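Asks: What follows is a structure written as structure tokens; I'll ask about it next.
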Amino acid sequence: MKSAEHTIFENEQYSLNGTFFKSKNEHSNKTIVYFHGGGLIFGTKNDLPNEYVNLITEEFNLFSVAYRLVPESDLNDIFEDLTHIYNYTKKNFTDEIYVLGRSAGGYLSYLFSKHFEVSGAFILYGYYDFTHRDFMSLPKDQVKFAPMLSSSIEKQNVKFEVITEALPNPRFLLYLYYRNESLWQKKLGVNLEDNKYFLTDEDLKHMPKTVLVHANNDPDVPFDYSKHASTLIPDCKFIELDKNTHDFDQTVTDETLQIYREALEFLA
């Protein structure tokens, strides 16, 4: 796959980068911006399996982007990154921008769609606010880690500089520590009641054409988010999976490839 690295923004503190994959359709004027997951605490911009990248680039350009991570930065910093990403994509690639996000990347996709001009959204196991009571405790499938989640995890993993990418090992434990101590929302560092950072029912009614995919027994991000959003988004394809996993598409299967294929056909 042909790809090129781009510097979206940089200053003395950090550099914001993205990887651009050119569509195999040379006439395509559609670019999907991809936001990775990781609770806004960890993750890397190029975590999307090659099989999905191949599918996406049949008809779309793909721009996989990094963003600043919590707690070294806050949610307002991330929002500034979204602004840089939107402006860079529009200036350098195309006016027709779509968005793809998984988990926390799904949240950023909702936020991106609310604040910028987006033609379509593909959101997997995402959420659009931080109010659900489940976010105040460990994900249901991670309770086995509770005995090892101490403050030392924070001391060992929080950096003194801005970071825009971090591998799940060991930062996933930092995410679990914050969830276990009901600190996750606090570590986002902003007033989450500011409607800049969440979507209301009215906002959902103004979403672009959207595909939502969620397992109905997701142990991490409540299925209720996608189910509710699907009733309000006017042009919505909702794929409910009878599974008890969160990031079901981490492993590429015939089923997950078909889901991506259906989603992309709907958006195109």
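The values are calculated or read from the model by the stated rules, or taken from the named source; none is laboratory data. Since the model is a prediction, treat every value here as computed from it, not as a measurement. Here Cβ is always computed from backbone atoms with ideal geometry, including for glycine, and neighbour counts include all displayed protein chains.
Asks: One residue is enough: does the stretch 194-211 have a residue meeting the conditions among the acidic types (Asp, Glu), over 23 Å from Leu267 (Cα atoms) and at pLDDT 95 or above?
Replies: Yes - at least one qualifying residue is present in the stretch 194-211.
Asks: Please tell me if Gly106 is under 17 Å from Phe266 (Cα atoms), small (Gly, Ala, Ser) and touching a Phe, Trp or Tyr at 6+ places or on another chain (Cβ under 7 Å).
Replies: No, not satisfied.
Asks: I'm told Tyr177 meets every condition in (1) under 17 Å from Phe42 (Cβ atoms); (2) at pLDDT below 95 except one. Can you identify the failing condition by its number?
Replies: Exception for Tyr177: condition (2).
Asks: Scanning the stretch 1-36 for residues that are touching a strand residue (DSSP E or B) at 6+ places or on another chain (Cβ under 9 Å) and of a type in the set (Lys, Arg), which turns out surrounded by the most Cβ atoms within 10 Å (Cβ to Cβ)?
Replies: The qualifying residue surrounded by the most Cβ atoms within 10 Å (Cβ to Cβ) is Lys30.
The rows are residues; the columns are (1) over 30 Å from Tyr177 (Cα atoms); (2) in contact (Cβ under 8 Å) with a residue 12 or more places away in the chain; (3) among the small types (Gly, Ala, Ser).
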residue: Ser28; (1), (2), (3): yes, yes, yes
residue: Leu40; (1), (2), (3): no, yes, no
residue: Glu51; (1), (2), (3): yes, yes, no
residue: Asn54; (1), (2), (3): yes, yes, no
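Asks: Continuing with the same structure: Check Thr83 against each of (1) in contact (Cβ under 8 Å) with a residue 40 or more places away in the chain; (2) closer than 30 Å to Leu173 by Cα and name the one condition it does not meet.
Replies: (1)
Asks: So, in the stretch 201-251, exactly how many residues are under 20 Å from Gly37 (Cα atoms), surrounded by fewer than 17 Cβ atoms within 10 Å (Cβ to Cβ) and of a type in the set (S, T, N, Q)?
Replies: Adding up the residues that qualify gives 6.
Asks: Name the residue, out of Asn87, Asn92, Asn25, that is more than 18 Å from the chain's Cα centre (by Cα) and modelled with pLDDT under 95.
Replies: Just a single option satisfies the conditions, and that option is Asn25.
Asks: Ok, one more. Output the residue which, of all residues in the stretch 60-75 that are in contact with a Ser or Thr (Cβ under 6 Å, 6 or more places away or on another chain) and assigned to a loop (DSSP other than H, G, I, E, B), is nearest to Lys45 (Cα to Cα).
Replies: Ala66
Asks: So which residues in the stretch 252-268 are of a type outside the set (S, T, N, Q) and surrounded by 16 or more Cβ atoms within 10 Å (Cβ to Cβ)?
Replies: Residues satisfying the conditions are Leu257, Ile259, Tyr260, Ala263, Leu264, Phe266, Leu267.
Condition check ((1) without any contact (Cβ under 8 Å) to a residue 60 or more places away in the chain; (2) closer than 30 Å to Glu202 by Cβ; (3) among the polar types (S, T, N, Q)) across all residues:
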residue	(1), (2), (3)
Phe9	no, no, no
Leu16	no, no, no
Phe35	no, yes, no
Leu62	yes, no, no
Gly101	no, yes, no
Gly120	no, yes, no
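Asks: If a residue must be part of a helix (DSSP H, G or I) and out of contact with any Asp or Glu (no Cβ under 6 Å at 6 or more places or on another chain), how many such residues does the stretch 76-129 contain?
Replies: 28
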